[in-house]
1. Would you work out which of L361, L350, G337 lies farthest towards the positive end of the dipole of the stretch 318-374, given +1 charges on the beta-carbon of Lys and Arg and -1 on that of Asp and Glu, about the Cα centre?
2. Treating the Cα atoms of the stretch 44-169 as identical point scatterers in vacuum, please give the log10 of the normalised Debye intensity I(q)/I(0) at q = 0.09, 0.16, 0.23 Å⁻¹, two decimals.
3. Where Lys and Arg each count +1 and Asp and Glu each count -1, what net charge lies around L43 among other residues with Cβ under 13 Å from its Cβ?
4. List, in order, the whole-Hz ³J(HN,Hα) value for each residue of the stretch 75-90 obtained from phi through the Karplus relation with A = 6.51, B = -1.76, C = 1.60 and θ = phi - 60°; use x for Gly and Pro.
5. Using amide H atoms built in the peptide plane, which far-off residues or other-chain residues are under 5 Å from F284 H to H?
6. Viscosity 1.306 mPa s, temperature 10 °C: Stokes-Einstein D of the stretch 72-114 from its Kirkwood Cα radius, in µm² per second?
7. About its Cα centre, what dipole magnitude does the chain give when the only charges are +1 on Lys and Arg Cβ and -1 on Asp and Glu Cβ, stated in debye to the nearest 20?
8. Would you pull out the residues with amide H under 5 Å of Q187's amide H, same chain only if 5 or more places away, H placed 1.01 Å from N?
Amino acid sequence: MRGLNMSTAVVTAAMMLTSGAAIAQEQVEVLHWWTSGGEAAALNVLKEDLQAQGIGWLDMPVAGGGGEGAMTVLRARVTAGSPPTAVQMLGFDILDWAAEGSLGNLDEVAAAEGWDAVVPTALQGFAKYDGHWVSAPVNVHSTNWVWANKAILDELGLAQPTTWDEFVAAMQAAKDAGYVGLAHGGQPWQEATMFDSVVIGAGGTDLYKRAFMDLDPAALSSPEMVEAFTRMETLRSFVDDNFSGRDWNLASAMVINKEAAFQIMGDWAKGEFLNAGKVPGTDFLCFRVPGSEGTVTFNADQFAMFNVNEGFRPAQQKMASAIMSPSFQIAFNKVKGSVPARTDVSGDELDACGQQGMAELAAAAEAGTLLGSAAQGHAHPAAVKNAIYDVVTAHFNGEYDAATAAQELAAAVAAAQ
Ligand code: BGC
């Protein structure tokens, strides 16, 4: 009896192991920072897509826009020798991991599906390394947007601001009426996200390119950069007392709930408005940060595919293929607030803000004013990005005046290279 039981147990254990392995192979482990309501809704589109193909999803969420927290967790996983299957990643971080030899190869699926012909060149620059596809682009976001509560503007008789001065006057009018002028979460990446637009407003596309792309010390410490920091001080004067540490989606909620008039944030904020049942043009307005019109500071979320054991590769390749399918690109980006990462899909199903975003992206690409977001890892490597975060945040919190901040910026960027 005893012997029989034991052999049954061994057989059962062996069966469990076999089916466990089979399940594991048809599974992807995904590290990402899509933890807000709108983001979770968008991510579900991908999860369900994969589930329909029998591919399981092991979720590894680490909150924090720009992915700083997620990148720290990733480093620990790779050091421990067990990278996730796929990792949400931005711009230069992808190239850094590829240079370390940590990423897999998607050339076969990319060739079979003709990615080269449909992914915008600006995105291919980050999705390919050394001529090989290493990641699958999900979307294109951009950072130079304002989100406004329409009821507050209507109540105060305010038109959509078209210049920086009008924008400041509108924030002042909202503040005078007892609303928060600018909803903001005091986290370095959120301040840096506002800084993208403010730098363009203060010194044009030229300053942005010279400072953030060329890392030119003269531009970083220029009078225009001092003006950018002065504008950040103006913004600081319109945030509420409890801004420190607040998550970005809670700042969006302040605009959604009519506590605050405006938020400067990438178009992932739109995902929050939509998730709350709000309608563009009726409940909220979207417009480019006054002074930054004509330029689009973009960031594309991609899933970088890590080197995994052979057994896990089929699921990884299927995930990459699912991400790049035209129907997924539409379904996902309608919910996420971003626009598709393919040039061959129609934007007809997107809402008014999405259609505006898509048209502006195409126009900026044509005009040479489609620039990688500095705050979101698309203008320079992470070391420089983090150095800029530190100075922008220190200044926003009153550590430096505008003139000193510009000097510190130039010094910090030089030291980070
Ligand atoms: C990502 C967005 C995300 C946002 C806030 C950005 O870095 O590109 O997809 O919604 O962070 O989490």
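What follows is calculated from the coordinates using simple rules that are stated; it is not laboratory data. Keep in mind the model is a prediction, meaning the values are calculated, not measured. Don't worry about glycine lacking a Cβ; one is built from the backbone with ideal geometry, like all the others, and counts go over all protein chains shown.
1. Value: G337.
2. At q = 0.09, 0.16, 0.23 Å⁻¹ the computed log10 ratios are -0.42, -0.94, -1.51.
3. -3
4. The phi angles translate into 4, 5, 5, 5, 4, 6, x, 9, x, x, 5, 9, 10, 4, 8, 10 Hz.
5. Residues meeting the criterion, in which the H sits 1.01 Å from N, are K150, V279.
6. Once the numbers are plugged in, D ends up at 136 µm²/s.
7. The dipole of the chain has a size of about 1020 debye.
8. G245
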